[in-house]
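Contents: one structure, followed by commentary.
Every number in this text was worked out from the coordinates using simple rules, so none of it is lab data. It should be emphasised that the depicted structure is a prediction, and the values quoted were computed from it without experimental measurement. Methodologically, a virtual Cβ is constructed for each residue, glycine included, from the backbone with ideal geometry; neighbour enumeration extends over all protein chains shown.
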Amino acid sequence: MERIALVTGSTNNIGKTIADVLSREDYHVIITSRNEAEAKTVSEGLPKKGSYFRVDFSQAGEIEKLFEFIKETFGRLDVLVNNVAYTKNESILDCDLSNWEYTLNTNLRSYYLCTKLAAEIMKEKGGGSIVNITVSSTRGAKDKFSYMVTKGGVNYLTMCAAIDLAPFNIRVNAVGSGLVGTPVGYREYVGRPYKNERIPVGHIGNPEDVAEAVAFIISDKAKYIVGAILSVDGVLNISL
Ligand SMILES: NC(=O)c1ccc[n+]([C@@H]2O[C@H](COP(=O)([O-])OP(=O)(O)OC[C@H]3O[C@@H](n4cnc5c(N)ncnc54)[C@H](OP(=O)(O)O)[C@@H]3O)[C@@H](O)[C@H]2O)c1
């Protein structure tokens, strides 16, 4: 039986690399993006044949259509990786209601809706694995107001959903990323050694570091790991 994995926001950086690693692990991966042509291109570049679907995760109705597509096309879903996120660097004083709502809808409501809709399919098929991509940080951050609020929500969503879904053989976990790949402000490091003195290991991470952690946590090797938030950050958070 072919195993199906959905990665939300999978045309760039961490999401794209997770899709690639899961495809190499023999999953049929569904690539998602707001840009259909981009999703198709990324899907065609996967090591194993995958699929793609255009969806804006800030829109609840579009997420429902994505899950209709999954049910009709595959009739199952083995892995969901909630990865999509939007960031606007601003303080609470600059954050207006429309940015607050857009950020919450994209980064938190989509995680809730995808988790619920995925769990409904997984429950019927006997189980599955859900991973939420969050930040490794356990503290506040300057000018990251709505983004960090959503990540705090993702952490509690992970713990509560893990408890609710464990009886159905659905494991929910999170992977907390540090500075990885091409985060805002670090795009100039692409193709160069990612040196960074703030990080104890001395450099920012590669998307593969997060993707391999996801591959581990969804695997049977991690079958007793449930409700965990696995930090992948070169020891950044606890050293601050
Ligand atoms: N990079 C880091 O250093 C870092 C650190 C901590 C946590 N994280 C977390 O890791 C995850 C991935 O981050 P990243 O840096 O890889 O992000 P990224 O480079 O900005 O990529 C975001 C992806 O999401 C898609 N996307 C954005 N908004 C969307 C929407 N409304 N609907 C559908 N797709 C959407 C984008 O594709 P389209 O534009 O084509 O739609 C793109 O594929 C996020 O959850 C982030 O919070 C990252």
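Exactly one residue out of Leu117, Leu77 is among the aliphatic types (A, V, I, L, M) and part of a helix (DSSP H, G or I), and it is Leu117. Taken together, Gly152, Gly126, Gly176 contain a single residue that is surrounded by fewer than 24 Cβ atoms within 10 Å (Cβ to Cβ) and either within 19 Å of Glu90 (Cβ to Cβ) or within 12 Å of the ligand (Cβ to nearest atom) (or both), which is Gly152. Within the stretch 68-104, restricting attention to residues that are touching a strand residue (DSSP E or B) at 6+ places or on another chain (Cβ under 8 Å), more than 17 Å from Asp143 (Cβ to Cβ) and among the aliphatic types (A, V, I, L, M), the residue that is nearest to the ligand (Cβ to nearest atom) is Val84. Whenever a residue of the stretch 212-240 is within 20 Å of Gly202 (Cβ to Cβ), its partners that are part of a helix (DSSP H, G or I), lying with C-beta atoms within less than 6 angstrom and at least six residues away or across chains, give the pairs Val232/Asp209; Val232/Val210; Val232/Ala213.
Of the listed requirements (1) touching a helix residue (DSSP H, G or I) at 6+ places or on another chain (Cβ under 6 Å); (2) farther than 16 Å from Asp143 by Cβ; (3) within 16 Å of the ligand (Cβ to nearest atom), Ala119 misses just one: (3).
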